[in-house]
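Q: Handing you this structure, nothing more for now.
The values are calculated or read from the model by the stated rules, or taken from the named source; none is laboratory data. Bear in mind the structure is a predicted one, so any value in this text is a computation, not a measurement. Counting neighbours? That spans all protein chains shown, and the Cβs are built from the backbone with ideal geometry, glycine included.
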Amino acid sequence: MQSKYPHIRRFLLWLPVFLLLPAAFLFAQENDTVVVDKKVITLSEIIIRNNVDIPSFIEKVKNDTTFYKAFRNLRVLNFTSLNDIRMFNKKGKVKASLYSKTTQWANKGCRHTTILNEEVTGDMYDKARHYNYYTPELYASLFFAPDTICGETNIVKGAELNVIGKSGMAKHKEQLKMLFFNPGKAIPGLPFIGSKTAIFEEDMAPLYEYHLDLQEHLGELCYVFAIKVKDDLSGAKRNRVVIDEMITWFNVTTFEVIARNYAMSYKAGIYDFDVQMQVEMTKTNGYLVPKLLRYTGNWDVIFKKRESGVFTATLFDFGSSEWLR
């Protein structure tokens, strides 16, 4: 019935809201604000009329683990992935690319990636088939297991990302994963940035605008929480900003993150970066997993060549492993 009568499904989706709101307010354009821990949050009329507990909502946002959990679920599930990675030169022309179709086998805490087909151009790999760029290397560390990895679980508690005991590239990868999976949290050991990513802390609140709304997204009724850096910041205050914008869609019933878009940028003496990410989730056999991820990034680190690249991951054909049965 969902595909044949989309208007009926949409009505049923919004029925709880219709029952709570007088019809006269459904198309109201007025906004109001509330202050929570120095955050001035602009509320849409539909949020106001639903009497959403804003302080409680903010706490849930700050302590959310569903986004990270969705990616950890990939460690214990079978799935197929289409991988599209492109690296650009200074003129914006593609100088290296990789397009592949891979499948992951997962069983009893072990997983392994098989390449079904692959097309490569330029200098994506060196002669030893190692990546010549950090962008695809990071991508591979997130989604590929060329050698069988065991001891995997999808448990989040006690598995928080940290840099303790790590150094060199392993430490850098962990810091990038923290930026990726926990946007809004402080990143230890990252020079000049550190707590600047902690956008929910009180000292960062004056730098941002916060908006809360209720919308349908990807076929689900969602709270939409948008955080955007203020346009009128002075140079000194602007230099305190790393996360320029983050928009998150939370399912109103489960409060799971079903989509997130964010943009980050920073310039320091030893590095600079400008990165945009888009993530969409889906539910499979009761497990929340990413189904689409898009990345566009341009960054430079001292003693390394500047990298400009994009990647898109499309994941599908999810299946429970023996470990979950």
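Q: Please go through region 113-127 and give me each residue that is in a strand (DSSP E or B), touching a residue at least 12 places away in the same chain (Cβ under 8 Å) and surrounded by 14 or more Cβ atoms within 10 Å (Cβ to Cβ), ordered by number.
A: 113, 120, 122
Q: Going through region 89-112 one residue at a time, which ones are at positive phi and surrounded by 15 or more Cβ atoms within 10 Å (Cβ to Cβ)?
A: The one that is at positive phi and surrounded by 15 or more Cβ atoms within 10 Å (Cβ to Cβ): 109.
Q: Condition first: of a type in the set (D, E, K, R), assigned to a loop (DSSP other than H, G, I, E, B) and over 28 Å from residue 85 (Cα atoms). Can you find one or more residues in region 292-305 that meet it?
A: Looking through region 292-305, none of the residues is of a type in the set (D, E, K, R), assigned to a loop (DSSP other than H, G, I, E, B) and over 28 Å from residue 85 (Cα atoms).
Q: Name the single residue, out of those in region 277-305 being within 29 Å of residue 239 (Cβ to Cβ) and touching a Lys or Arg at 6+ places or on another chain (Cβ under 8 Å), that is modelled with the lowest pLDDT.
A: Among them, the one singled out is 300.
Q: Same structure, new question: Can you tell me which residues in region 265-282 are surrounded by fewer than 20 Cβ atoms within 10 Å (Cβ to Cβ), closer than 19 Å to residue 71 by Cα and hydrophobic (A, V, I, L, M, F, W, C)?
A: 277
Q: In region 245-262, is there at least one residue being β-branched (Val, Ile, Thr) and over 20 Å from residue 68 (Cα atoms)?
A: No, region 245-262 contains no residue that is β-branched (Val, Ile, Thr) and over 20 Å from residue 68 (Cα atoms).
Q: Now, a different point. Is it true that some residue in region 214-236 is within 30 Å of residue 171 (Cβ to Cβ) and more than 20 Å from the chain's Cα centre (by Cα)?
A: yes
Q: Let me ask something additional. Does region 149-162 contain at least one residue that is over 22 Å from the mean Cα position of the chain (by Cα), of a type in the set (S, T, N, Q) and farther than 22 Å from residue 307 by Cα?
A: no
Q: Which one is surrounded by the most Cβ atoms within 10 Å (Cβ to Cβ) among residues in region 61-88 that are assigned to a helix (DSSP H, G or I) and within 14 Å of the chain's Cα centre (by Cα)?
A: So, considering only residues that are assigned to a helix (DSSP H, G or I) and within 14 Å of the chain's Cα centre (by Cα), the one surrounded by the most Cβ atoms within 10 Å (Cβ to Cβ) is 70.
Q: Please determine, by comparing only the residues of region 108-155 that are within 15 Å of residue 78 (Cβ to Cβ) and among the aromatic types (Phe, Trp, Tyr), which one is modelled with the highest pLDDT.
A: 144
Q: Name every residue in region 248-265 that is under 15 Å from residue 184 (Cβ atoms) and either at pLDDT below 95 or within 10 Å of the chain's Cα centre (by Cα) (or both), in order of residue number.
A: Selection gives 248, 257, 260, 261, 262, 263, 264.
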